[in-house]
Amino acid sequence: MKSPRIRVKLGILAAIALIAALSWSTTAQTDWLAPDPSVISKFQDEESQHSHIMEVMGYLTDVYGPRLTNSPNIREAGEYALKTLSAWGLANVHEEMWGPFGRGWSNELFEANEIAPRHFPLIAYPKAWTPGTNGPIIADAIYAKIEKEEDFAFYRGRLRGMFVLTAPMRVIEAQFEAPAHRFTDQELADLAQPRPPQPPPDKAALDRQRKQQEFNNKLVKFLTDEGAVAWLEPAPHDGGTVIVMGGGSRDPKDAPVLPRLAVDIEHYGRILRTLEKIIPVTLRINIANKFYDDNLDSFDILAEIPGTDKPDEVVMLGAHFDSWASGTGATDNAAGSAVMMEAMRILKASNVKMRRTVRLALWTGEEEGLLGSRAYVKEHFADRNSGDLKPDHAKLSAYFNVDNGTGKIRGIYLQGNEAVRPIFEKWMEPFKSEGMTTVSARGTGGTDHVSFDEAGLPGFQFIQDPVEYETRTHHTNMDVYERIQAADLKQMTVIVASFVYMTANAEQLLPRKPPAKH
Ligand SMILES: [Zn+2]
């Protein structure tokens, strides 16, 4: 219970805060300029007439994809990005090492067929960081319905040399909705509002999830110890699309697990239903996977356009460069990487004056927990554990991020920083006709702007049309070049370049959120 005296004190503090806020907002209205239409049209002309964005997309996906962190592919993709950024005349182009991340991994060869009672090729993918089979293996499949630890006893000694399926079939429904979607005006209006109050975290559900994870770890160990040849797991999604992520450890010291496959649900179902009819199923599977333990560290890619009269102050733009391993990481996140690289190119090619230094960062290790961007923020700006700030913490105006697929920009999340609302509304004005209409009071998570936000730095992510992200491409085998909408990427590029340009030339650094209360 609060005493009345404390309440009075708080009232005064609140009043001081209100006066500060009011005086700030009057200065803000006079100081923050609107974009210059001639500069925007320079950016638009450069992008519509000399775009390199689909060429970059093609290299990052078809040639170097997928780009799993610490794989040989991503190291080559990194060299390509360095070469490209240097050729565009950007300054200070380099890789900055961070780590340790862990071992590299790649799939070198994969074949999987049912050979009896009928032949058909399986749509399936090895999970990242799992081992291969050391050559082709012909063996029977078994449905071992193992749902709890007590089920281990029954199957002990029965799985050696077999392909094991443990999960029951799930219900697959027709897809009545189109996979692609653009935000409606109503959806954007909803998104503009603060997030509706969320129910408190369901402790029981979290508990079940944790127990399921623990059981899963025991099951992997059991199947490995029992000498099963491989574990076939039904993948999320359907229609030949499968989500494939990791299945083994990145730590070379950890005990190896058995080969694990993410299997398309329709093909998983056919094998399972045949087995349930007591008809033996024979598979022929050949997996060649490689581990790389020579360099456990990874890298971020940096490039700059030096500022003219405030070169020690910085505006950053970035995206994660890494992907999962079954598709080519096109929408997640070659798209964001290509947009950010291309934004740098048009800023440079347009030869516009920028007072602050503009710095591009392409991160790795995002998919494993924002690792590359967190390492960079810790090295250059702040240690979020100790709270120690580096001198450059005071000199970063903002960080802008793109990582929501191929869809064009429809707005920006304030990330709880209401002070930037009038500024972003002004900067958004020239792009309303292109669909960017929404400043959202919400924050969004799950990608690299969070590394800046959690260190007390202004970090922003744009709102993008979802297109096919959740329904088809995110972390799937179908995250490929064909799913990219070129016109959307070009729209994004011009908007990002414009926001970066405005930040680089503003009178002041962008306002920051008040420090979080503890
Ligand atoms: Zn991503």
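The values are calculated or read from the model by the stated rules, or taken from the named source; none is laboratory data. Fair warning: this is a prediction, and the values are worked out from it, not measured in the lab. Every residue, glycine as well, gets a Cβ built from its backbone with ideal geometry; the counts of neighbours run over all protein chains shown. In case anyone asks, the SASA skips ligands and DNA or RNA and just uses the protein heavy atoms, side chains included. Shrake-Rupley method; radii C 1.70, N 1.55, O 1.52, S 1.80 Å.
Name every residue in segment 280-310 that is open to solvent by 70 Å² or more (accessible area, probe 1.4 Å), more than 30 Å from VAL93 (Cα to Cα) and outside any strand (DSSP E or B), in order of residue number.
Within segment 280-310, just PRO280 meets the criteria.
Which condition from (1) within 30 Å of GLU470 (Cβ to Cβ); (2) out of contact with any helix residue (DSSP H, G or I) (no Cβ under 6 Å at 6 or more places or on another chain); (3) open to solvent by 20 Å² or more (accessible area, probe 1.4 Å) is the one that SER386 breaks?
Result: SER386 fails condition (1) only.
If you take the residues in segment 313-351 that are open to solvent by 10 Å² or more (accessible area, probe 1.4 Å) and assigned to a helix (DSSP H, G or I), which one is nearest to the ligand (Cβ to nearest atom)?
For segment 313-351, the residue satisfying everything is ARG345.
Which residue out of ALA486, ALA497 is open to solvent by 10 Å² or more (accessible area, probe 1.4 Å), touching a residue at least 40 places away in the same chain (Cβ under 8 Å) and small (Gly, Ala, Ser)?
ALA486
Of everything in segment 239-259 that's closer than 21 Å to ASP332 by Cβ and more than 22 Å from the chain's Cα centre (by Cα), which residue is most open to solvent (accessible area, probe 1.4 Å)?
GLY239
Determine whether segment 423-435 contains at least one residue that is free of Cβ contacts under 8 Å to residues at least 40 places away in the same chain and over 16 Å from GLN461 (Cα atoms).
Checking segment 423-435: at least one residue is free of Cβ contacts under 8 Å to residues at least 40 places away in the same chain and over 16 Å from GLN461 (Cα atoms).
What's the total number of residues in segment 70-98 that are in contact with a helix residue (DSSP H, G or I) (Cβ under 8 Å, 6 or more places away or on another chain) and of a type outside the set (Phe, Trp, Tyr)?
Summing the residues that are in contact with a helix residue (DSSP H, G or I) (Cβ under 8 Å, 6 or more places away or on another chain) and of a type outside the set (Phe, Trp, Tyr) in segment 70-98 gives 10.
Among the residues of segment 30-60, which ones are without any contact (Cβ under 8 Å) to a residue 40 or more places away in the chain and among the β-branched types (Val, Ile, Thr)?
Selection gives THR30 alone.
Scan segment 390-415 residue by residue and report those that are open to solvent by 60 Å² or more (accessible area, probe 1.4 Å) and either touching a residue at least 40 places away in the same chain (Cβ under 8 Å) or part of a helix (DSSP H, G or I) (or both).
PRO391, ASP392, ALA394, LYS395
Only one of these conditions is not met by LYS145: (1) open to solvent by 70 Å² or more (accessible area, probe 1.4 Å); (2) touching a residue at least 40 places away in the same chain (Cβ under 8 Å). Which number is it?
It fails just one condition, (2).
Keeping to segment 267-278, report how many residues are open to solvent by 70 Å² or more (accessible area, probe 1.4 Å) and either more than 23 Å from GLU226 (Cβ to Cβ) or not in a helix (DSSP H, G or I) (or both).
4
Using beta carbons and a limit of 7 Å, which pairs, at least six apart or on different chains, have the first residue in segment 322-335 and closer than 11 Å to THR61 by Cα and of a type in the set (S, T, N, Q) and the second one open to solvent by less than 10 Å² (accessible area, probe 1.4 Å) and in a helix (DSSP H, G or I)?
Hits for this filter: SER323/ASP332; SER323/ASN333; THR328/THR61; THR331/THR473.
Show me the strands (runs of 3 or more DSSP E) entirely contained within segment 46-138 in which 2 or more residues are small (Gly, Ala, Ser).
Here the list reads 104-116.
Being buried (at least 24 other Cβ atoms within 10 Å of the Cβ) and touching a residue at least 12 places away in the same chain (Cβ under 8 Å) is the requirement here; does ASN505 meet it?
No: the conditions fail for ASN505.
Please go through segment 331-352 and pick out each residue that is more than 24 Å from TYR376 (Cα to Cα) and touching a helix residue (DSSP H, G or I) at 6+ places or on another chain (Cβ under 7 Å).
Passing the criteria: ILE346, ALA349, SER350, VAL352.
Mind checking which residues of segment 390-417 are more than 16 Å from the ligand (Cβ to nearest atom) and of a type in the set (D, E, K, R)?
Those that are more than 16 Å from the ligand (Cβ to nearest atom) and of a type in the set (D, E, K, R): LYS390, ASP392, LYS395, LYS408, ARG410.
Determine whether GLU418 is open to solvent by 10 Å² or more (accessible area, probe 1.4 Å) and closer than 29 Å to THR331 by Cβ.
Judged against the criteria, GLU418 is not a match.
Restricting to segment 352-373, and then to whatever is surrounded by fewer than 19 Cβ atoms within 10 Å (Cβ to Cβ) and more than 16 Å from the ligand (Cβ to nearest atom), can you tell me which residue is nearest to GLY307 (Cα to Cα)?
So the residue we want is ARG355.
Yes/no per residue for (1) surrounded by 10 or more Cβ atoms within 10 Å (Cβ to Cβ); (2) modelled with pLDDT of 95 or more:
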position	(1), (2)
MET1	no, no
LEU10	yes, no
SER25	yes, no
SER51	yes, yes
LEU60	yes, yes
ASN70	yes, yes
